[in-house]
Amino acid sequence: MSTDDPSPIVDLAQINLNAAASSSPLSLRLHDALRACSQAVESGDFSGSDSAVAAVIDLLNSAADPPQSDAESVVPDARVCEELLVEVQRFLSNPPNQALDVHIRVSKEPTYFILLFHGLAKVFVQIQRHHVEQVKAALPIILQVLRAISSDCHEEASDAINILFEAAIRIGNSMQEMCKRVVEGKKDELRAMLGLYVLQNIALISRSRQKSIVSRCGSLILQFTKFLPFCGFSYFGLITGSSLASATAVISKGDGDGTIDCFSLTMDGAALAVVWGHISDDIAETAGEQLKSVLREIQNNQTARWQAIGTLKYALSSNDYPWELKSNTIDLLLSIMDGCNTEGSDDNYLDFSGFVPSLFVTLQAIEMIMMGSFDASLRKKAFTALRRVISEIPSSHRFDILKALIKNSVSPSLTAILIDLVRAEILTEKNQKYVRNVKDAQFESGSHYSSWSSQALELVELILKPPEGGPPALPDHSEQVLSALNLLRFILIRESTGQTNQKTVLSDKVLQKAYSEWLLPLRALVTGIEAENEKDNSELANDIFCALNPVQLVLYRCIELVEDRLKHS
C-alpha cells in the first residue's frame, strides 16, 4: 500500500504552472475538450455541448480504466490522473469564462454534472500523492454544483437530482478509498473532510421540495450515513456538537486556502443526520447507533441536553427545510425532553449563560412553526415543545428569556401565549414547596414568587403602556392586551385573598401607577372605540365588538380590584 510522498508538498498553483511544460498528450486533449465545452455553453449551443461533455467523460474514463489491449497502460498512470484532475479543477474554477455558473443557470438537467462526478470519482481513486491538496481543490467545486442544482429542484427533475447525489456518493466512496493510501496525519484530515462533505450533502438533500421527502430521499440519506462511523461521527457527538468541532479543528489547523468555507451547512447536516436516524431505524442502524441509548445518555446529562436543543435550531430555523422534516425535528426534541428530571440535581447550577443565545434561537424557531404551519397538529406539538424547552431553562434565567421572546415577538397572538406562560410560571413556582441551597444562599418559594410577580408587572406595563408611546393598538392587539390584563388580575387576586405570604409586590405606589397610567387610559380608549362602533352596523364593527368585549370585562375587574386595594390601604 502506498503512502503520501514524504517530499515537500507541491500546491495546485505550482502544479498548474508546471502543467504547460510537462502535460501529457491526454491532458492536452482534455484541455481542448473542456475548452470546447466552454465555447458551446457561452454561445448557447447546449445541444452541441453534449458531444463535448461526452468527449470529456471518455478522456477521464480512459485514464481511470485504461484499454485492456494496451499492455503498457493497463495500470492507470497516477501522474496522468493527477494532471487530468488539475485540468478539470482549473477549468471549473477559472473566473474569466465562468462556464460552470452559466451552465448551472441555463441547464435544467444535471446530466452534465452526473457524468463529470462519475469521472472525478474514478480519477480520485488513482491519485497517488498530494491526496488532501487534490481533494481540497475539487470539493468546493463539487459542493457548489450540488448546492446550485439542488436548490432549484422541481418535482419533475427530482429523479435526475437523486442520480446526481448518487454520483456524489461515489465521490465519497473514492475519498474513503483514498484514506487507505495516506499516512496517519493526512488520513485524519482527509477523513474529517469526508465527514463534513457527508453532512453538507445530508443538508442539501434535506432541502428537497419533493413530496414525501422521507420516502423519496431516505435511501440517499442512508447511503451517506454509512460514512459516519468511518469518519468517527456519532449521533451523540453530532447533536452535541463535539464531532463537528473536532473535524473542523483538524481541517482548520492547516487550512490556509479557505476550504472550510465550502462546508457552510454542516451544522444543519449534523442536526438533520440525527433527525433522519430518529425517522428511520434502518438509517440509525447504518450509522451504527442505538438511538434510544443516545437519547437516554442526553436525558441524564444536563449540559448535553442544552447542547442538543441548541443544535436542533439549525433544522428548525431555516426556511429551506420542508415542514415534514421540521415536524420530525420537533418529535426528536420532544423525545429528548421525555423522561428528564433535573429537580434536585447539581447540574441545575452549571453555568447556563453560555447556552442562552443558541437556546433562544431554538425557541424563536419553534415559535415560527407555531405561527407558520398550516398543520394544526404540528402547531400543537410545537407549543408543547416550547413549554418543555422553557421548563428546561434554570429559573434564574427563565423570566429574562420569556421577556426577550415577548419583546421580539411580532405577533399579538404569540405575545398573548407567552404572557400566559409567565402567568403559569408564577403559579408553578409558588406551588413548588422547596428550598434550594446554592453555596451559602437560600431561595424560598415565597421570595421566588415575589420576584416573578414583580418582574411580571414589567410585562404588564410593556403591553398596556407601550415604550414607543401612546395607548395599545386596539383592536389589533386585543389578544396580548387581554393576556396582560389577566396577568395583572391574577396577581391582584392572589394578594387580595392572601394566597401568598408576601404582599410587597403591589405597594400603594405601584397600585397608583397601574391605576392612573395603565388602566384608566385603557378604559378611555376602549370606551371611545365602543362609542364609535355603536354608529356602525357593519360586519367589521361586529368583529371589533367581539375582540374588545373580553378586554372590557377583564379591564373593569382589574379597576375594581385596584380601587378596593387603594381604599383599604
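Filter the stretch 266-293 down to the residues that are among the hydrophobic types (A, V, I, L, M, F, W, C) and either touching a Leu at 6+ places or on another chain (Cβ under 7 Å) or surrounded by 24 or more Cβ atoms within 10 Å (Cβ to Cβ) (or both) and list them by number.
The answer is Met267, Ala270, Ala271, Leu272, Ala273, Val274, Val275, Trp276, Ile283, Ala284, Ala287.
Out of Glu539, Glu560, Glu468, I need the residue that is within 39 Å of the chain's Cα centre (by Cα) and loosely packed, with under 13 Cβ neighbours inside 10 Å. Which one?
None of the others qualify; the one that does is Glu468.
Which of the residues that make up the stretch 151-188 are at pLDDT below 85 and under 19 Å from Asp261 (Cα atoms)?
Hit for the stretch 151-188 is Ser151, nothing else.
I'd like the full set of residues that are in contact with a Ser or Thr (Cβ under 9 Å, 6 or more places away or on another chain) and modelled with pLDDT under 95, limited to the stretch 452-476.
If the condition is that a residue be in contact with a Ser or Thr (Cβ under 9 Å, 6 or more places away or on another chain) and modelled with pLDDT under 95, then Trp452, Ser453, Ser454, Pro472 are the ones that fit.
Would you please name the residue that is modelled with the lowest pLDDT, looking only at residues in the stretch 24-77 that are open to solvent by 70 Å² or more (accessible area, probe 1.4 Å), more than 22 Å from Ala99 (Cβ to Cβ) and among the polar types (S, T, N, Q)?
Going through the qualifying residues, I end up with Ser69.
What about Ser507, is it at pLDDT below 85 and either open to solvent by less than 70 Å² (accessible area, probe 1.4 Å) or in contact with a Leu (Cβ under 7 Å, 6 or more places away or on another chain) (or both)?
no
Check the stretch 387-394 and report whether any residue there is polar (S, T, N, Q) and more than 19 Å from Val274 (Cα to Cα).
The answer is yes, given that some residue of the stretch 387-394 is polar (S, T, N, Q) and more than 19 Å from Val274 (Cα to Cα).
Mind listing whichever residues of the stretch 242-254 are more than 15 Å from Glu297 (Cα to Cα), open to solvent by 10 Å² or more (accessible area, probe 1.4 Å) and small (Gly, Ala, Ser)?
Result: Ser243, Ala245, Ser246, Ala249, Ser252, Gly254.
Select from the stretch 392-411 the residues that are open to solvent by 70 Å² or more (accessible area, probe 1.4 Å) and either of a type outside the set (Lys, Arg) or touching a strand residue (DSSP E or B) at 6+ places or on another chain (Cβ under 9 Å) (or both) and write down the one among them that is farthest from Met368 (Cα to Cα).
Result: Ser396.
Could you tell me how many of the residues in the stretch 113-129 are open to solvent by 10 Å² or more (accessible area, probe 1.4 Å) and under 31 Å from the mean Cα position of the chain (by Cα)?
3
Scan the stretch 118-145 for residues that are touching a Lys or Arg at 6+ places or on another chain (Cβ under 7 Å) and either outside the structural domain of Ser264 (by the TED database) or closer than 18 Å to Ala160 by Cβ (or both) and report the count.
Qualifying residue count for the region: 2.
Scan the stretch 206-241 for residues that are open to solvent by 10 Å² or more (accessible area, probe 1.4 Å) and either more than 22 Å from Leu146 (Cβ to Cβ) or aliphatic (A, V, I, L, M) (or both) and jot them down.
Val214, Leu222, Pro229, Gly232, Ser234, Phe236, Thr240, Gly241
Condition first: open to solvent by 20 Å² or more (accessible area, probe 1.4 Å) and either within 25 Å of Ile213 (Cβ to Cβ) or in the same structural domain as Ile202 (by the TED database) (or both). Now tell me which residues in the stretch 297-317 satisfy that.
Lys313, Tyr314, Ser317, listed by residue number.
State which residue pairs qualify: first residue among the polar types (S, T, N, Q) and inside the stretch 150-178, second residue modelled with pLDDT of 90 or more and part of a loop (DSSP other than H, G, I, E, B) in any location, beta carbons under 7 Å apart, and separation of 6 or more residues or different chains.
Taking only residues 6 or more apart or on different chains, the pairs are Ser150/Arg207; Ser151/Arg207; Gln176/Phe227; Gln176/Phe230.
Specify which of the listed residues (Asn537, Asn542, Asn549) is in a loop (DSSP other than H, G, I, E, B) and either of a type outside the set (Phe, Trp, Tyr) or more than 28 Å from Glu425 (Cβ to Cβ) (or both).
Answer to the selection: Asn537.
Residue check: is Ser373 surrounded by fewer than 15 Cβ atoms within 10 Å (Cβ to Cβ) and either free of Cβ contacts under 8 Å to residues at least 12 places away in the same chain or closer than 29 Å to Glu324 by Cβ (or both)?
no
For the stretch 478-499, which positions are touching a Ser or Thr at 6+ places or on another chain (Cβ under 8 Å), at pLDDT below 95 and surrounded by 20 or more Cβ atoms within 10 Å (Cβ to Cβ)?
Correct list: Ile491 only.
The values are calculated or read from the model by the stated rules, or taken from the named source; none is laboratory data. As the structure is a computational prediction, the values presented were derived from the model and not from experiment. Quick reminder, even Gly has a Cβ in these numbers, built from the backbone with ideal geometry, and neighbours come from all protein chains shown. Accessible surface areas use protein heavy atoms only, side chains included; no ligands, DNA or RNA. Shrake-Rupley method; radii C 1.70, N 1.55, O 1.52, S 1.80 Å.
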